[in-house]
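What follows is calculated from the coordinates using simple rules that are stated; it is not laboratory data. Computed from a predicted model, the values in this text were never measured in an experiment. Don't worry about glycine lacking a Cβ; one is built from the backbone with ideal geometry, like all the others, and counts go over all protein chains shown.
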Amino acid sequence: MDAKTCLEKCRLVGVLSFATVDGEGNPQIRCISAIHFEEDGFYFFTARGKNFCRELLENGKVQILAYTRFKEMIRLSAKASPVPEAEQEEKINRIFDEQPYLANVYPGGTRKIGIVFEVKNAEIEYFHLGVNPIFRESYTLGAGVVSEKGYYITDSCIGCGKCRNNCPQSCIVQGKPYRISQKHCLHCGSCYESCPVGAVRKRDGKGKAVRKRDRK
């Protein structure tokens, strides 16, 4: 699996969920299929008058989710940018050519109300629930950066095995200290909650550790 394959899977899914946050801090999700894919990213169409467009123009932050019939989750954390004005018409026409239904939504010249954004830089998370043990891995698109998530076991481990006994995916390996196989971890936190000495630490998404007594 790699970033290119993840993009191809997103293309085959067709309809992707785009999550943003509005001006009042409320989560917003839209399903978008007006998309053109390329090897190094993709372009998508929306109308300039939509709240979705305003939210993207304000900061560009977006999470994009695809879920396949094989129980694969592909999530992109990205920043969407408007395509340069000189390229807008060409990109709009390309998307309309590939998605004929759009001519019913925006007939004739009304497609000019649209704007195309591009996603070229992203963190991609691949998560497969349809295999045993489950499989997860992260990749980058363009200048995207992988954020460290999940749990790890420190040298404070006393080797009691409670974390391993409570792991639903049996992805904890015995040792000094015990070790979590990150590619098979659910990030469920069972090991974190069951460790009697606080040897299991949670990463905050930026590579920093969160101790059990610090969690909220």
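Enclosing the Cα atoms of the chain in their convex hull gives a volume equal to 133 cubic angstrom per residue.
The distance between label points at VAL131 and GLN28 comes to 3.7 nm (points 7 Å beyond Cα on the Cα→Cβ vector). With neighbours defined as other Cβ atoms within 10 Å of a residue's Cβ, the residues THR110, THR46 order from fewest to most as THR110, THR46. Full extension of the chain between ALA143 and VAL105 yields a length gain of 10.2 nm, computed as 0.36 nm times the residue separation minus the alpha carbon distance.
Peptides 117-126, 98-107, 148-157 ranked from most to least packed by the mean count of surrounding Cβ atoms within 10 Å: 117-126, 148-157, 98-107. Per-residue extension of 0.36 nm, minus the Cα-Cα distance of ASN165 and ASP40, leaves a gain of 40.8 nm for this segment.
Listed cross-link partners LYS9/LYS183; LYS71/LYS120; LYS79/LYS149; LYS120/LYS176 are compared with a 31 Å cut-off, the Cα-Cα value being larger for LYS120/LYS176.
Distance between the modelled labels on ASP155 and ARG11, one decimal in nanometres: 4.9 nm (7 Å Cα→Cβ projection).
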